[in-house]
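Heads up, the thing below is written out as structure tokens.
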Amino acid sequence: MISLTEIKDSVLHLLFPHVCAGCGSDILSKNSIICMRCVEAMPETNFELHTGNPVEKLFWGRIPLTAGTAQFYFTKESLMQHLMHQFKYKGNKELGLQLGRLMGEQLVKSGNYIVDALVPLPLFPAKEKRRGYNQATILCEGMNEVMNIPVLEKVVTRPAHTETQTKKGRIERWKNVEGKFVVADPAAIQGKHLLLVDDVVTTGATLESCGLALLNAGDIKLSIAALCVANR
Ligand SMILES: [Zn+2]
């Protein structure tokens, strides 16, 4: 006999199909946004297992890191690009949480990321308002579900452009904006090993300046984890 719950589930599925954000398949568990086949197809870097990996090298001579990684390769016209697009521009927060959980699982397994707190790289306030959320914070929340490490969302901020900056030259203004991270609560990070989290690492310039602000604010150890790295 068909139960009432099964009928309800079928109707709900027709009205609000629960399908994989990667391939559209409906063979996925209730709590998943990406199906197992897509998870397996995501191109892992395994950087978290190796010291001196390309992400760590990127920051050599720039900021001192305890460890650095990005979990997946990002290429154009790929599954990762499709997932990132939905996460960043289509408001799919649930997808971001699952991506964060995947990151967290790999970091825990590696044993190389024993940290005290997760710090999402802040967005400019106007950008966060437009998007409705900071994607790095969502990743941290997913990581927290697996790692059980607190997320310190407000310790570092990125103030909006000021009036005077608009009068400066373009290059000078760019420099100014890049350096504009402010540690709002230095007491909250003293003596801690922080894991700074972002969605993509490309040149590393933004992570560098945010990391530098954190390092200058006190006695901390810094590691970096990004979801993706641009595949060169
Ligand atoms: Zn899929």
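Which cross-chain or sequence-distant (5 or more) residues have an amide H under 5 Å from the amide H of Cys35, H modelled 1.01 Å from N in plane?
Amide H neighbours of Cys35, under 5 Å, 5+ apart: Ala21, Gly22, Cys23.
If you bin the C-alpha pair distances of the chain every 5 Å from 0, what whole percents do you get?
Result, from short to long distances: 1, 6, 13, 17, 18, 16, 11, 7, 5, 3, 2, 1, 0, 0, 0 percent.
Mind checking the per residue accessible area of the chain for me, 1.4 Å probe, whole number of Å²?
Working: 12650 Å² over 232 residues.
The answer is 55 Å² per residue.
Compare the peptides 51-60, 147-156 by average per-residue count of other Cβ atoms within 10 angstrom and give them in order, highest first. Write out the running numbers ahead of the final one.
Details: 51-60: 15.2, 147-156: 17.7.
By packing density, highest mean first, the sequence is 147-156, 51-60.
Would you mind checking the pairs Lys88/Lys127; Lys57/Lys180; Lys57/Lys88 and listing those with alpha carbons more than 19 angstrom apart? Write out the running numbers ahead of the final one.
On the way: Lys88/Lys127 11 Å; Lys57/Lys180 24 Å; Lys57/Lys88 27 Å.
Check vs 19 Å cut-off fails for Lys57/Lys180; Lys57/Lys88.
Whole-Hz Karplus ³J(HN,Hα) for segment 219-225, in order, using 6.51 cos²θ - 1.76 cosθ + 1.60 and θ = phi - 60°, x for Gly and Pro?
Karplus-based 3J(HN,Hα) across segment 219-225 equals 7, 9, 10, 10, 10, 10, 9 Hz.
Which one, Met84, Cys210, Ile138, projects farthest toward the positive side of the charge dipole computed for the chain from Cβ point charges (K/R +1, D/E -1)?
Farthest towards the positive end: Cys210.
DSSP loop (so not H, G, I, E, B), at most 12 other Cβ within 10 Å: list which trypsin sites (Lys or Arg not before Pro) in segment 69-123 pass both filters. Don't skip to the end; give the middle numbers.
Details: sites: Lys76, Lys88, Lys90, Lys93, Arg101, Lys109; in loops: Lys76, Lys90.
Listed in order of number, the matching sites are Lys76, Lys90.
Around Lys221, which amide H atoms from residues at least 5 apart in sequence, or from another chain, sit under 5 Å from its own amide H, with H modelled in the peptide plane?
Excluding prolines and chain starts, which carry no amide H, the hits are Lys192, His193, Leu194.
May I ask you to give the percent of accessible area on the chain that is carbon plus sulfur, with a probe radius of 1.4 Å?
Working: 7030 of 12650 Å².
Carbon and sulfur: 56 percent of the exposed surface of the chain.
Return the percentage of antiparallel bridges among DSSP beta bridges fully within the chain, rounded to the nearest 5 %. If you can, show how the numbers build up before the last one.
Working: 3 of 23 bridges.
Approximately 15 percent, going by the DSSP bridge assignments.
Between Ala67, Ala188, Ala213, which gets the highest mean-square fluctuation from a Gaussian network model of the chain, Cα cutoff 10 Å?
The residue that fluctuates most here is Ala188.
Quick one: which residues, 5+ away or cross-chain, put their amide H under 5 Å from the amide H of Phe72? H built at 1.01 Å from N.
Residues meeting the criterion, in which the H sits 1.01 Å from N, are Thr45, Cys228, Val229.
So, with +1 on the Cβ of K and R and -1 on the Cβ of D and E, and no other charges, what is the size of the charge dipole of the chain about its Cα centre, to the nearest 20 debye? Walk me through the numbers on the way to the answer.
Numbers: 26 positive and 23 negative charges, 192 e Å.
Its charge dipole is roughly 920 debye.
How about segment 69-114: which GluC sites (Glu not before Pro) there are in a DSSP loop, with at most 13 other Cβ atoms within 10 Å of their Cβ?
Working: sites: Glu77, Glu94, Glu105; in loops: Glu77.
Answer in residue order: Glu77.
The values are calculated or read from the model by the stated rules, or taken from the named source; none is laboratory data. The model shown is predicted, which means the values in this text are computed figures rather than measured ones. FYI the Cβ positions are ideal-geometry reconstructions off the backbone, even for glycines, and counts take in every protein chain you see. Areas reflect the complete protein model, heavy atoms only, side chains present, ligands, DNA and RNA absent. Shrake-Rupley method; radii C 1.70, N 1.55, O 1.52, S 1.80 Å.
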